[in-house]
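One structure below.
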Amino acid sequence: MIEHLPVLLVVLPIVGGTVPLVASLFTDRAGWPVATLTVFVHAVLAGLLGWTVWTEGVVSYAVGGFAAPYGIELVVDGLSASVVVLVGVVALGVLAYARHAGPHSNAFYSQYLLLVTGLTGMTVTGDVFNLYVFLEITGLAAYGLVASGREASSAVAALKYLIIGTVGASLYLLGVGYALAATGTLNMTDLADKLAAVGYDSTLVLTAFGLMVGGLTVKVALFPLHTWQPDAYANAPDSVSAFISALVSTVSAYALARLLFSVFTVEFLEAVPGARWALLTLASVSIVAGSALAVSQNSVQRMLAYSSVSQFGLVIAGFTVATPIAVVGATVHLLGHAVMKGGLFAASGVIERETGATTVGGYAGMAARAPVAAGSFAVLALAMVGVPPAVGFVGKWYIVVGAVEAGVWPVVAVLLASTLLTLAYFARLVERLYFAEPTIREEAAVADGGASVSTGMIAVVVVAAVLAVALTAAVPALEQVLEQTLPPLLNQ
Amino acid sequence: MSVDDQPGLYVESTIIMTTVRVVAPFVLTFALFIMFHGADSPGGGFQGGVIAGSVVLMLAFAYGIESTRQWLDVRVVVALAAGGVLTFASIGLGTIVLGGQFLQYTEYEVFLSHASKYGIELVELGIGAIVASVAIGLFFLLAAGFGHVVDEEGEA
């Protein structure tokens, strides 16, 4: 049974996703229990898979018994195992939030499970075309979830997301086509060998790199390609914002890392400095521009969204620097950012429900009215800035150390500046929350509110805040499992 | 809503109705042909499913969208979508139960000669059912206009 875990993790949520659809013929509220049961089992299996990778090393699975490179291979190493566990845990946490916060329709939970399927599939696959298929499943489910908001603006945001996201996925597919033309294979491990044989300076290989990486940066939402992201995050229902901000870009960034290390490999980055610098520049611009845009936002959720643009710049910079310590740092920040950003969106949803505040100005003095949510928000914000001992600090520290080791000084400067910029927008918010006079009167909030908050929602926010600090303790273990399962990368 | 607002949209035309009545069975047969040939020639569940879905679209143009919606129970559409997914998944999981890998069709050879071929064709039929039901569902959703609650917008 254990050896089938990678494929079961993908099949389980998709089968679970059909149940709410069928159940909707009989009842309207079957979605949540079905989704929770499915995601709970999914999380347990993900944990089991993580444990297997931890104890026994890389797990690979030949779908249909067709041996790689001819069949589709699923490969789970330390990097993918940690992302799979993250997907399972976050999906479960968001369900605890969504139980009260909604949406409640069965169709919503079908799409939710479909999104879990897509994310898991992207994480466990070892085949570049299979990755495209799951990228599309993830995308389609995410567009639908964004559109599940009640306002017209959600539909517009979803349409924008759909158009830009489809362009990104198509670029990626085009790149896969070039790679296939160059090598005749789609399996990642096989591609790594054959791309080297074709030659890294071959036009086909370079074009494939540009298109595949370019397509994925749209999905990650790096700076000039991020335009879908703030609208999608800010206009979706709170549960969806928390879920997609925590996972969708994260898994795309994982896929980008997978391409860099397992398909094109570090040797490619060394042989083609142009490609490496292009990606580093994109990441650096993203860090600075994302922070600057975040500072200038008035809506808290849009600010959080632009903050993601900046933080993913950091993650991609870490992966592109590609020294062992930078890769560990980027992975830590990738996972930590998911927990922190999901928690921040959830906390902002709770604060909005309790006080009606959605803007930076409105947050003034709200700590007294929503103490638990505001406290968690502050902890998560400071963790994101990188205040030790939070996990945000470890990730950024490792990335900076890696960049110093590699001697890429411009990037080091940007990384250090980014911490200050992050401080600029989060410190402003935390200061408003605790030390400013309220601008929203209590009666007004009560009159216009009416949306209640459940224990589950508060619990999710608190758990995220605790995890943002506690995950630091897991970093040595993560480092160890990455060292064991990514030897070609980390023993260069 | 759209039906009330634009009464002139649907024209009951004997020519269209007769043509559709004659053509529809052939189109459906062609859809199945495409699905069954997915295993060894160009074609398969996606293409066949779209063609099968287009049969319902033709019927809707000929006999009116509302009457087609009533004729084709929503339960049929849901059953096709869910059934397709479950067919695919159970064929895949069945091979695990028999001791092989996921979707390792050769495991079924003990029960049935040429099991690989039949297995792939069943999977194609499952995919076809999903694609057809999604195409039909999207068509009816779009045809219903935006007067109803926006809650179900992204369905399927």
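Select from the stretch A:302-360 the residues that are charged (D, E, K, R) and at pLDDT 90 or above and write down the one among them that is farthest from residue A:226 (Cα to Cα).
Keep residues of the stretch A:302-360 that are charged (D, E, K, R), which gives A:302, A:341, A:352-354.
Adding the requirement that they be at pLDDT 90 or above leaves A:302, A:341.
On the way: A:302: 12, A:341: 16 Å.
Step by step, filter the stretch A:302-360, then rank; the result is A:341.
Residues in the stretch A:136-153 that are surrounded by fewer than 20 Cβ atoms within 10 Å (Cβ to Cβ) and at the interface with another protein chain (Cβ under 9 Å from one of its Cβ atoms): A:150, A:151, A:152. Residues of the stretch A:130-149 include none that is more than 21 Å from residue A:247 (Cα to Cα) and out of contact with any strand residue (DSSP E or B) (no Cβ under 7 Å at 6 or more places or on another chain). Quick check on the stretch A:173-212: of everything there that is within 27 Å of the chain's Cα centre (by Cα) and outside any helix (DSSP H, G or I), which residue is surrounded by the most Cβ atoms within 10 Å (Cβ to Cβ)? Here the residue is A:187.
Of the residues making up the stretch B:49-76, those that are within 23 Å of residue A:22 (Cβ to Cβ) and surrounded by 20 or more Cβ atoms within 10 Å (Cβ to Cβ) are B:49, B:52, B:53, B:56, B:68.
Counting only residues that are assigned to a helix (DSSP H, G or I) and β-branched (Val, Ile, Thr), which one in the stretch A:39-59 is nearest to residue A:1 (Cα to Cα)? Applying the filter and picking the extreme gives A:52. Looking across A:227, A:203, one residue alone is touching a residue at least 12 places away in the same chain (Cβ under 8 Å) and among the β-branched types (Val, Ile, Thr). It is A:227. Scanning the stretch A:7-38 for residues that are within 11 Å of chain B (Cβ to nearest Cβ), farther than 17 Å from residue A:138 by Cβ and either assigned to a helix (DSSP H, G or I) or out of contact with any helix residue (DSSP H, G or I) (no Cβ under 9 Å at 6 or more places or on another chain) (or both) gives A:7, A:8, A:15, A:18, A:19, A:20, A:21, A:22, A:23, A:26.
If you take the residues in the stretch A:96-111 that are surrounded by fewer than 24 Cβ atoms within 10 Å (Cβ to Cβ) and away from chain B (no Cβ under 13 Å), which one is modelled with the highest pLDDT? So the residue we want is A:96.
Return yes when residue B:140 is in a helix (DSSP H, G or I) and not small (Gly, Ala, Ser) and no when it is not. Working first, answer last.
Working: in a helix (DSSP H, G or I): yes; not small (Gly, Ala, Ser): yes.
Answer is yes for this residue.
Out of A:63, A:53, one residue alone is away from every other protein chain (no Cβ under 13 Å) and at negative phi. It is A:53.
When you scan the stretch A:126-135, how many residues do you find that are within 20 Å of residue A:112 (Cα to Cα) and away from chain B (no Cβ under 13 Å)?
4
Residues that are assigned to a helix (DSSP H, G or I) and surrounded by 19 or more Cβ atoms within 10 Å (Cβ to Cβ) within the stretch B:102-119 comprise B:105, B:107, B:108, B:119, listed in sequence order.
Find all pairs meeting these conditions: Cβ atoms under 6 angstrom apart; at least six residues apart or on different chains; first residue within the stretch A:351-372 and touching a residue at least 12 places away in the same chain (Cβ under 8 Å); second residue charged (D, E, K, R) and surrounded by fewer than 19 Cβ atoms within 10 Å (Cβ to Cβ). Cβ pairs passing all conditions: A:355/A:369; A:356/A:448; A:365/A:437.
For the stretch B:1-37, the tally of residues that are surrounded by 10 or more Cβ atoms within 10 Å (Cβ to Cβ), at pLDDT 75 or above and not polar (S, T, N, Q) stands at 18. All of A:286, A:245 fail the test of being in a helix (DSSP H, G or I), over 19 Å from residue A:319 (Cβ atoms) and not aromatic (Phe, Trp, Tyr), apart from A:245. Highlighted here are the helices (runs of 4 or more DSSP H) found entirely within the stretch B:36-101 that include at least 2 residues which are of a type outside the set (Lys, Arg), within 21 Å of residue B:23 (Cα to Cα) and more than 10 Å from chain A (Cβ to nearest Cβ): B:45-63, B:65-71. The single residue among A:295, A:266, A:328, A:285 that is buried (at least 24 other Cβ atoms within 10 Å of the Cβ) and either more than 27 Å from residue A:469 (Cα to Cα) or touching a helix residue (DSSP H, G or I) at 6+ places or on another chain (Cβ under 9 Å) (or both) turns out to be A:328. Looking across the stretch A:269-282 at every residue that is under 22 Å from residue A:225 (Cα atoms) and not β-branched (Val, Ile, Thr), the one that is surrounded by the fewest Cβ atoms within 10 Å (Cβ to Cβ) is identified as A:274. Going residue by residue through the stretch A:221-240, is there one that turns out to be under 26 Å from residue A:92 (Cα atoms) and in contact with a His (Cβ under 9 Å, 6 or more places away or on another chain)? No.
The values are calculated or read from the model by the stated rules, or taken from the named source; none is laboratory data. This structure is a prediction, so every number in the text was calculated from the model and none was measured. With ideal geometry, Cβ positions are generated from the backbone for all residues, glycine too; neighbour counts draw on all protein chains shown.
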